[in-house]
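Undergrad: Below is one structure. I have some questions about it.
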Amino acid sequence: MSDSCAAPDQDAALPASVDIEKETVLTGTVVNDEGELVQGAYVRLLDGSGEFTAEVVTGEGGQFRFFAAPGKWTLRALSRYGDATGEVEADRGLNETKLAVSR
Amino acid sequence: MAREDVLVTADWAEENLDTPGVVFVEVDEDASAYDYGHIKGAVKIDWKDDLQDPIRRDFVNQEQFSQLLSERGIANDDTVVLYGGNNNWFAAYAYWYFKLYGHEDVKLLDGGRKKWELDAREVTADVVKREATNYIAKPLDWDLRAKRDEVEAAIGAKNLIDVRSPDEYAGRLLAPAHLPQEQSQRAGHIPTALSVPWSKAANEDGTFKSEAELRELYVGEAGLDEDKATIAYCRIGERSSHTWFALRELLGYTDVKNYDGSWTEYGSLVGVPIALGDEPGTK
């Protein structure tokens with residue numbers, strides 16, 4: 001249980017309680033121009049109308065993860081190496097996206 | 001009040017890292033962020049361990065706040081610059097405390113930790129030690145804090161601003177989408193509350209929108225009545241501190257309170273009215 005509204009550790013394994021058959025998980029990594037994983041990137045999840053939904057910060061593995069619902073989503077990554085935007089048509093289960101940031 | 005009285009830019013902060021009488025304070029819920037790297041000379045406040053009472057469901061009292069700031073080496077006449085992660089939620093929450101306990105000169109670093117990192121500005125893992133002070137907090141200013149009875153009485157009478165996500169407002173979720181669903185007994189919102197998610201007050205780099213944009217957001221789009229008092233709430237009171245800051249400190253509305261009990265308290269009260277769905281509802 002979390003007492004606050006902040007995002008949990010993005011490098012942690014999926015909790016055992018998460019049923020991947022039922023959940024819609026948007027996950028992936030942020031990489032820079034050189035193809036290196038970017039730690040400390042801010043990844044924002046925007047809904048189908050472009051409205052902000054949630055934001056997480058990537059850990060050492062450059063990874064991000066959101067629990068959402070099937071449908072259209074936009075992922076927006078901001079980092080010191082630049083920004084990236086990705087569109088996702090999410091289904092139930094794991095939906096993986098790589099976000100390549102550049103200036 | 002002018003924007004520059006309550007917000008400092010990252011450039012200003014960088015130029016004033018060594019200015020005597022200016023103390024930088026990082027406020028986070030994740031202490032490891034500070035330990036990994038913080039602005040040079042900044043001390044740390046942990047929103048939970050330092051700002052909440054360890055036993056009762058309440059935040060630290062006047063004496064506890066005095067002791068905390070004394071230990072951190074903050075003096076009554078220091079200029080305190082707060083910043084943190086999560087788009088400054090926790091820093092805004094701490095800012096509200098500093099105002100509740102009467103600190104004269106406190107400001108937020110616009111954009112917080114996020115903008116600082118996106119700008120690739122310098123952080124350090126150095127241990128910061130400031131000499132202890134004898135800080136004396138003032139009695140809690142109840143003009144800034146709303147309690148549950150006052151909130152219920154405000155239905156249909158004052159502006160209530162619900163700053164949670166639209167799904168939490170409508171009652172489709174009990175907590176933000178990236179967290180387990182928990183705590184309050186009932187979902188929904190306080191009848192007549194306007195839905196203005198906190199995130200609409202911020203740009204994507206975490207800085208606050210301009211006063212003109214903020215006024216259009218609250219008054220133009222949401223329909224806030226400028227002649228009435230306002231109470232902001234969220235789930236536990238930190239996202240609403242961000243909105244409280246926008247309304248009182250940036251837009252200058254004088255009668256704005258933060259309801260820190262927020263939905264975890266209101267949604268568990270027996271017998272109070274609740275509205276479901278995307279509309280504010282009626283009294």
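The values are calculated or read from the model by the stated rules, or taken from the named source; none is laboratory data. All of these numbers come straight from a predicted model, not from anything done at the bench. Quick reminder, even Gly has a Cβ in these numbers, built from the backbone with ideal geometry, and neighbours come from all protein chains shown. Accessible surface is based on the protein model in full, side chains and every heavy atom, while ligands, DNA and RNA are left aside. Shrake-Rupley method; radii C 1.70, N 1.55, O 1.52, S 1.80 Å.
Undergrad: So the check is Cβ under 8 Å with 6+ separation or different chains; which pairs have a first residue in the range B:184-195 that's basic (Lys, Arg) and a second one that's open to solvent by less than 10 Å² (accessible area, probe 1.4 Å)?
TA: Listed pairs, sorted by first residue: B:Arg186/B:Gly267.
Undergrad: Having 2 or more residues that are open to solvent by 20 Å² or more (accessible area, probe 1.4 Å), of a type in the set (A, V, I, L, M, F, W, C) and within 14 Å of another protein chain (Cβ to nearest Cβ) is the bar; report the helices (runs of 4 or more DSSP H) wholly within the range B:106-213 that clear it. It would help to see each step written out before you state the result.
TA: Details: elements: B:112-118, B:148-153, B:166-170.
Result: empty, no element qualifies.
Undergrad: Now for a different question. Assess whether B:Ala75 counts as being at negative phi, away from chain A (no Cβ under 14 Å) and open to solvent by 20 Å² or more (accessible area, probe 1.4 Å).
TA: Yes; evaluated as a whole, the condition is true for this residue.
Undergrad: Please specify each residue of the range B:220-264 satisfying the condition of being hydroxyl-bearing (Ser, Thr, Tyr) and either within 13 Å of chain A (Cβ to nearest Cβ) or under 20 Å from B:Phe90 (Cα atoms) (or both).
TA: Of the residues in the range B:220-264, the ones hydroxyl-bearing (Ser, Thr, Tyr) are B:230, B:233, B:240-241, B:243, B:253-254, B:259, B:262, B:264.
Passing the criteria: B:Tyr233, B:Ser240, B:Ser241, B:Thr243, B:Tyr259, B:Ser262, B:Thr264.
Undergrad: Further question on the same structure: With respect to the numbered conditions (1) modelled with pLDDT of 95 or more; (2) on the phi > 0 side of the Ramachandran plot, which one is the sole condition not fulfilled by B:Gly171?
TA: All conditions are met except number (1).
Undergrad: Could you list, in sequence order, all residues of the range B:11-37 that are touching an Asp or Glu at 6+ places or on another chain (Cβ under 6 Å) and modelled with pLDDT of 95 or more? Steps first, answer last, please.
TA: Within the range B:11-37, the first condition is being touching an Asp or Glu at 6+ places or on another chain (Cβ under 6 Å), and the residues that meet it are B:21, B:23, B:31, B:34.
The answer is B:Gly21, B:Val23.
Undergrad: Test each condition in (1) more than 13 Å from the chain's Cα centre (by Cα); (2) touching a residue at least 40 places away in the same chain (Cβ under 8 Å) for B:Arg239 and report the one that comes out false.
TA: B:Arg239 satisfies all of (1) more than 13 Å from the chain's Cα centre (by Cα); (2) touching a residue at least 40 places away in the same chain (Cβ under 8 Å) except (1).
Undergrad: Tell me which residues, restricted to the range B:1-48, are assigned to a loop (DSSP other than H, G, I, E, B), in contact (Cβ under 8 Å) with a residue 12 or more places away in the chain and among the hydrophobic types (A, V, I, L, M, F, W, C).
TA: Across the range B:1-48, the qualifying residues are B:Met1, B:Leu17, B:Ile39, B:Ala42, B:Trp47.
Undergrad: Also, quick follow-up: Is one or more of the residues making up the range B:85-99 open to solvent by less than 10 Å² (accessible area, probe 1.4 Å), within 18 Å of B:Pro139 (Cβ to Cβ) and either more than 18 Å from the chain's Cα centre (by Cα) or free of Cβ contacts under 8 Å to residues at least 60 places away in the same chain (or both)?
TA: Scanning the range B:85-99 turns up at least one residue that is open to solvent by less than 10 Å² (accessible area, probe 1.4 Å), within 18 Å of B:Pro139 (Cβ to Cβ) and either more than 18 Å from the chain's Cα centre (by Cα) or free of Cβ contacts under 8 Å to residues at least 60 places away in the same chain (or both).
Undergrad: Residue by residue through the range B:242-259, note down the ones that are assigned to a helix (DSSP H, G or I) and under 19 Å from B:Glu152 (Cα atoms). Before you say what the answer is, go through the steps one by one.
TA: Of the range B:242-259, the ones assigned to a helix (DSSP H, G or I) are B:242-250.
Answer for the range B:242-259, where residues must be assigned to a helix (DSSP H, G or I) and under 19 Å from B:Glu152 (Cα atoms): just B:Trp244.
Undergrad: Restricting the search to the range B:264-283, which residues are within 18 Å of B:Glu150 (Cα to Cα) and out of contact with any His (no Cβ under 8 Å at 6 or more places or on another chain)?
TA: B:Thr264, B:Glu265, B:Tyr266, B:Gly267, B:Ser268, B:Leu269, B:Val270, B:Gly271, B:Val272, B:Pro273, B:Thr282, B:Lys283
Undergrad: I'd like to know if the range B:242-254 contains one or more residues that are at pLDDT 95 or above, under 22 Å from B:Leu173 (Cβ atoms), buried (at least 20 other Cβ atoms within 10 Å of the Cβ) and touching a helix residue (DSSP H, G or I) at 6+ places or on another chain (Cβ under 9 Å).
TA: Scanning the range B:242-254, I find at least one residue that is at pLDDT 95 or above, under 22 Å from B:Leu173 (Cβ atoms), buried (at least 20 other Cβ atoms within 10 Å of the Cβ) and touching a helix residue (DSSP H, G or I) at 6+ places or on another chain (Cβ under 9 Å), so the answer is yes.
Undergrad: What number of residues within the range A:32-53 satisfy the criterion of being basic (Lys, Arg) and not in a strand (DSSP E or B)? Even if it seems obvious, please write down each step before you answer.
TA: Start the filter on the range A:32-53 by keeping residues that are basic (Lys, Arg), which leaves A:44.
Narrowing the set further to residues that are not in a strand (DSSP E or B) leaves none.
Summing the residues that are basic (Lys, Arg) and not in a strand (DSSP E or B) in the range A:32-53 gives 0.
Undergrad: Inspect the range A:30-46 for any residue being of a type in the set (Gly, Ala, Ser), open to solvent by 40 Å² or more (accessible area, probe 1.4 Å) and more than 10 Å from chain B (Cβ to nearest Cβ) and give the result as yes or no. Don't jump to the end; show me each part of the working.
TA: Step one: of the range A:30-46, the residues of a type in the set (Gly, Ala, Ser) are A:35, A:40-41.
After this cut, where a residue has to be open to solvent by 40 Å² or more (accessible area, probe 1.4 Å) as well, the list is A:35.
Now drop any that are not more than 10 Å from chain B (Cβ to nearest Cβ), which leaves A:35.
Yes, some residue in the range A:30-46 is of a type in the set (Gly, Ala, Ser), open to solvent by 40 Å² or more (accessible area, probe 1.4 Å) and more than 10 Å from chain B (Cβ to nearest Cβ).
Undergrad: Identify all residues within the range A:62-83 that are more than 10 Å from every other protein chain (Cβ to nearest Cβ) and either open to solvent by 30 Å² or more (accessible area, probe 1.4 Å) or more than 12 Å from the chain's Cα centre (by Cα) (or both); write none if there are none.
TA: A:Gln63, A:Pro70, A:Gly71, A:Lys72, A:Trp73
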